[in-house]
Amino acid sequence: MYRFRRLRRDERIRSMMQETRLHPKNFIYPVFVTEGEKIKNPVASMPGVFQYSVDRLDEILEQVKEAAIGGIMLFGIPQHKDPQGSQAYAADGVTRRAVRFIKEHYPAIYIVVDVCLCEYTSHGHCGMVCGNEILNDETLPYLVKMAVSLVEAGADMVAPSDMMDGRIAAIRKGLDEAGFTQVPIMAYSAKFASAYYGPFREAAHSAPEFGDRRSYQMDCANGQEALREIGADIEEGADIVMVKPALAYLDVLREAALTFDMPLAVYNVSGEYAMVKAAAANGWIDERRVVMENLTAMKRAGARVIITYHALDAVRWIEYIY
Ligand code: PBG
Ligand code: ZN
C-alpha cells in the first residue's frame with residue numbers, strides 16, 4: 001500500500017515537502033492617503049486599516065519598510081471632487097504629494113498607484129458621465145494624464161482599475177510618449193462587479209452616486225469572458241494581469257495561470273478582509289490560520305503577486321509558520 005502519511009509524519013518532513021510557500025515579496029499592501037493634516041482615520045469596516053494624511057504616512061511606511069514586502073498600492077482621497085476628477089492629475093493633488101513624499105523619504109518602497117477616477121469624481125463613477133451613460137473613450141485622456149502625472153511624481157508602476165476598454169493601450173502609449181518606457185502596467189484585467197468592494201468604497205469615498213458599475217466591471221458568472229479580457233490586456237501591452245476579487249474567483253485565476261504565460265496578480269479585496277476580521281473578532285475562527293490558508297490558496301492557484309490588507313500581519317505569521 002502506498003502510504004501518503006510517510007511524508008506527513010512530523011513537522012520536519014512536512015515542511016520539506018511543502019509545495020507552496022508565501023514570501024513577503026509576494027505582497028502588495030494598499031495604503032489610503034487623505035487630504036488634511038495629522039489625520040489617521042480608522043475605516044470602520046476594515047479593522048486595522050486607516051486613512052492617513054501625508055504628514056502621518058511615516059507611521060505606516062515604517063511598518064512597510066520593516067516588513068520588506070513587495071510594495072504598496074496607493075489610493076488617494078481628495079477633498080475636492082468634480083465631474084472630471086481633476087484632483088487625480090492636479091499638480092498639487094494629494095496622490096502626487098504622497099508619491100513624492102514616499103519617493104523622497106522611503107526610496108526602497110516600490111510604489112504602485114491605482115489609476116482610476118472614482119475617488120476623484122463627484123458622481124463616484126470611474127469615467128466621464130453623460131446622462132446615465134458612463135463614457136468609454138472620452139475618459140481615456142484623463143486616465144493617461146493621471147498615469148503620466150503620478151509616474152512623473154515618482155510612481156514605479158501604474159495599475160489601471162476602471163475595467164473599461166482600451167485602457168492599457170492608451171496608457172502604454174501615453175507613458176512611452178512621455179519617456180516612461182520602463183514603467184510597467186499592472187492591468188486589473190478580470191475585475192468583477194462585486195459586493196466584496198463595499199468596505200473599500202467607505203475607505204476611499206468612492207461609492208457611485210447613481211446606478212452601479214455593472215456596465216464596465218464583469219458579471220461574476222463569466223469565467224470565459226474573464227479569459228478574453230486578460231488576453232486583450234496582454235495584447236494591449238500589460239506587464240502583469242490581475243484577477244479580482246480573490247477567493248470567489250480562484251478558478252479564474254487558475255485558468256489564467258494555465259492559459260497565459262504571464263505574471264499574475266490577485267486582489268484579496270476589502271470585503272474578504274472584513275469577513276475574516278469580523279469572524280476573528282467574535283472568536284469564531286483562528287485569524288492567523290485562516291489568513292495564511294487563504295493567502296496560500298491564492299499563490300497555489302497561480303498568483304505571484306497578492307494585493308492584500310493582511311500583508312503586514314502575514315509577514316509576521318510567515319516567520320512563525322516556516
Ligand atoms: C477603484 C477600485 C476599487 C477597488 C480597487 N480599485 C473599487 C471599485 O471598483 O469599486 C476595490 C478594492 C477593494 O475592495 O479592496 N476602481
Ligand atoms: Zn474606479
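The values are calculated or read from the model by the stated rules, or taken from the named source; none is laboratory data. Quick caveat: nothing in here was measured; it's all calculated off a predicted structure. We place every Cβ from the backbone using ideal geometry, glycine too, and count neighbours over all the protein chains shown. Calculation scope for accessible area: heavy atoms of the full protein, side chains included, ligands and nucleic acids excluded. Shrake-Rupley method; radii C 1.70, N 1.55, O 1.52, S 1.80 Å.
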Residue list for segment 117-145, restricted to those being touching a Phe, Trp or Tyr at 6+ places or on another chain (Cβ under 7 Å), of a type in the set (Asp, Glu) and either in a helix (DSSP H, G or I) or away from ligand 1 (no atom under 16 Å from the Cβ) (or both): none
Restrict the check to segment 26-34 and report whether at least one residue is part of a helix (DSSP H, G or I), in contact with a strand residue (DSSP E or B) (Cβ under 7 Å, 6 or more places away or on another chain) and open to solvent by less than 80 Å² (accessible area, probe 1.4 Å). yes
Count of segment 256-272 residues which are of a type in the set (S, T, N, Q) and either over 27 Å from Phe200 (Cα atoms) or open to solvent by 10 Å² or more (accessible area, probe 1.4 Å) (or both): 1
Would you point out the residue of segment 224-239, among those that are under 17 Å from the mean Cα position of the chain (by Cα) and assigned to a loop (DSSP other than H, G, I, E, B), that is nearest to ligand 2 (Cβ to nearest atom)? Ala238
Looking at the structure I just gave you, is Glu66 over 26 Å from Gly198 (Cβ atoms) and in contact with a strand residue (DSSP E or B) (Cβ under 8 Å, 6 or more places away or on another chain)? no
Test set (1) among the aromatic types (Phe, Trp, Tyr); (2) closer than 30 Å to Ile13 by Cβ; (3) exposed (fewer than 15 other Cβ atoms within 10 Å of the Cβ) - Trp317 fails condition number: (3)
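Kindly indicate whether Ala147 is small (Gly, Ala, Ser) and either at positive phi or open to solvent by 10 Å² or more (accessible area, probe 1.4 Å) (or both).
On the way: small (Gly, Ala, Ser): yes; either at positive phi or open to solvent by 10 Å² or more (accessible area, probe 1.4 Å) (or both): no.
Criteria not met by Ala147.
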Consider Ala155 carefully, then state whether it is at pLDDT 95 or above, open to solvent by less than 30 Å² (accessible area, probe 1.4 Å), within 16 Å of ligand 2 (Cβ to nearest atom) and outside any helix (DSSP H, G or I). no
Within segment 176-223, take every residue that is assigned to a strand (DSSP E or B) and within 8 Å of ligand 1 (Cβ to nearest atom) and give me the one that is nearest to the chain's Cα centre (by Cα). Tyr188
Checking Glu59, Glu19 in turn, the sole residue that is more than 21 Å from Gly124 (Cα to Cα), assigned to a loop (DSSP other than H, G, I, E, B) and touching a residue at least 12 places away in the same chain (Cβ under 8 Å) turns out to be Glu19
